[in-house]
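Worksheet for the structure shown next.
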Amino acid sequence: MLFVKSTIAAILFALSAITISVAQKPAPSFDDLKTRAEQARSANQIEEQVNLYRKLVTLRPEWGEGWWYLGTGLYDLHRYEEALNAFQHLSKIDVNDGSSWALMGMSEFELKRYEDSLKHLFRAEELGVGSNQEMLLTVRYHITVLLNRAGQFEWAHDHLTIFSWFADTSDPIIEAVGINALRMAVLPSELPADKLDLVMQAGRASWEPSLAGHPEQSLKTFDELLAKYPKEPNLHYAYGVRLLDTDPAAAEREFQREVEINPTQVVARIQIVFLELKQGDSEDAVRLAREAVKIEPDYFLAHNALGRSLLADGKTADAIQELQKAVQLEPKSPENHFDLAEAYRAAGRKVDAQAETAEFARIKSLREHLNGAPMTPQ
């Protein structure tokens, strides 16, 4: 009995010694955790990376680098809600860093929160993402496809410009161009399978880099597409846009054909309006522009076309009213401000004309800055 008691006592003493030893062992320092986290990241051990950086930002909540690597690790693990939370923290630490806003927007894109995604990607674009070319192009691509989805096709087309400078003919870009050319308000992931071939061919025919200096290939492809899909919405329109610079008369015929097939198609009418104005036929331009406004009363370009037509027809007061409406609907369009300035000048309103001219110059400069190639294409 005495032996048993002494044995138990020895065991309890040993356990207490172990407990004291463990309790006395110091917790890893911040630097130790950081070293381990960097090693995990270098070894592509993403789960371990996430666990360690989570501990590090708990110790130092204002450490931006930690939130960055926590967020990117979570994003790589497709844990987008948690990644979004990390990037939100990061955006509050360095409010002028567009990269955190970019990754917020990309996380929201994966979460299908498209309106928030677009808003935050625009913020990233405004702030800039430094010299990170890959991130810049990723931001621009996501903005493009989201603007396509929202039906903001003109704005989406502007955002494709940078990809032409890089001569990007990858399938995702061609697909985005095709969706834009055919004015389909969908994401690439939402595109019906039976429309993919049409979209890709229209994209290649509409995308200058894919033609490699052979514009005749574009006309041939559109002819083939129209033979196969003679009544496809917006296909005649896309062909007309392609013909505008080289054969305006043929372009107008395609726009007319589009309106016959698709009577509610507004932009084809607007293109005809602008062609009529170039030919000096303001009366017919006014008629067509009024039709466009009636079909889509909240479309800025319809009011712009009507305003320009009225101005050409000598109805300056009415023109100003329409062009003011265009600016109200889309204040970020430099063309709207330029055309309104012209109308103000015609009315003798010099101060108002100067103000609109200044706004035109400001927006144009900003757009050129955003669209400026940040580095030499590789």
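State all residues of the stretch 60-79 that are among the small types (Gly, Ala, Ser) and over 13 Å from Ser107 (Cα atoms); if no residue qualifies, say none.
Result: Gly64, Gly66.
Take Lys25 and tell me if it is of a type in the set (Lys, Arg) and at pLDDT below 95.
Yes.
Residue check: is Thr7 of a type in the set (Ser, Thr, Tyr), open to solvent by 90 Å² or more (accessible area, probe 1.4 Å) and either assigned to a helix (DSSP H, G or I) or at pLDDT 95 or above (or both)?
no
Being closer than 17 Å to Phe255 by Cα, free of Cβ contacts under 8 Å to residues at least 40 places away in the same chain and either open to solvent by less than 20 Å² (accessible area, probe 1.4 Å) or part of a helix (DSSP H, G or I) (or both) is the filter here, so list the residues in the stretch 219-237 that pass it.
Leu219, Phe222, Asp223, Leu225, Leu226, Ala227, His236
Please determine whether any residue of the stretch 45-62 is hydrophobic (A, V, I, L, M, F, W, C), modelled with pLDDT of 95 or more and under 23 Å from the mean Cα position of the chain (by Cα).
The answer is no, given that none of the residues of the stretch 45-62 is hydrophobic (A, V, I, L, M, F, W, C), modelled with pLDDT of 95 or more and under 23 Å from the mean Cα position of the chain (by Cα).
Restricting the search to the stretch 202-218, which residues are in contact with a helix residue (DSSP H, G or I) (Cβ under 6 Å, 6 or more places away or on another chain) and either in a loop (DSSP other than H, G, I, E, B) or not charged (D, E, K, R) (or both)?
Ala202, Gly203, Ala205, Ser206, Trp207, Pro209, Ser210, Leu211, Gln217, Ser218
If Leu118 satisfies all but one of (1) of a type in the set (A, V, I, L, M, F, W, C); (2) under 11 Å from the mean Cα position of the chain (by Cα); (3) modelled with pLDDT under 95, what's the number of the condition it fails?
Against the list (1) of a type in the set (A, V, I, L, M, F, W, C); (2) under 11 Å from the mean Cα position of the chain (by Cα); (3) modelled with pLDDT under 95, Leu118 comes up short only on (3).
Please pick out the residue among His303, His337 that is surrounded by 18 or more Cβ atoms within 10 Å (Cβ to Cβ), farther than 18 Å from Val273 by Cβ and within 28 Å of the chain's Cα centre (by Cα).
Result of the check over His303, His337: His337.
Quick one: is Leu366 aliphatic (A, V, I, L, M), open to solvent by 70 Å² or more (accessible area, probe 1.4 Å) and modelled with pLDDT under 95?
yes
Cβ-Cβ below 9 Å, separation at least six or inter-chain, first residue in the stretch 341-352 and farther than 14 Å from Leu323 by Cα, second buried (at least 18 other Cβ atoms within 10 Å of the Cβ): which pairs?
Listed by first residue and then by second, the contacts come to Arg349/Ile320; Arg349/Ala343; Lys350/Tyr344; Val351/Tyr344.
Count, please, the residues in the stretch 172-183 that happen to be without any contact (Cβ under 8 Å) to a residue 40 or more places away in the chain and in contact with a Gly (Cβ under 9 Å, 6 or more places away or on another chain).
Residues in the stretch 172-183 being without any contact (Cβ under 8 Å) to a residue 40 or more places away in the chain and in contact with a Gly (Cβ under 9 Å, 6 or more places away or on another chain): 8 in total.
Matching residues to (1) open to solvent by 60 Å² or more (accessible area, probe 1.4 Å); (2) aromatic (Phe, Trp, Tyr); (3) modelled with pLDDT of 95 or more; (4) under 29 Å from Lys231 (Cβ atoms):
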residue	(1), (2), (3), (4)
Ala251	no, no, yes, yes
Ser282	no, no, no, no
Leu311	no, no, yes, no
Ile320	no, no, yes, no
Thr357	no, no, yes, no
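The values are calculated or read from the model by the stated rules, or taken from the named source; none is laboratory data. Computed from a predicted structure; not experimentally measured. When we count neighbours, we look across all protein chains shown, and the Cβ atoms used for this are built from the backbone with ideal geometry, even at glycine. Keep in mind that these areas ignore ligands, DNA and RNA; they rest on the heavy atoms of the full protein, side chains included. Shrake-Rupley method; radii C 1.70, N 1.55, O 1.52, S 1.80 Å.
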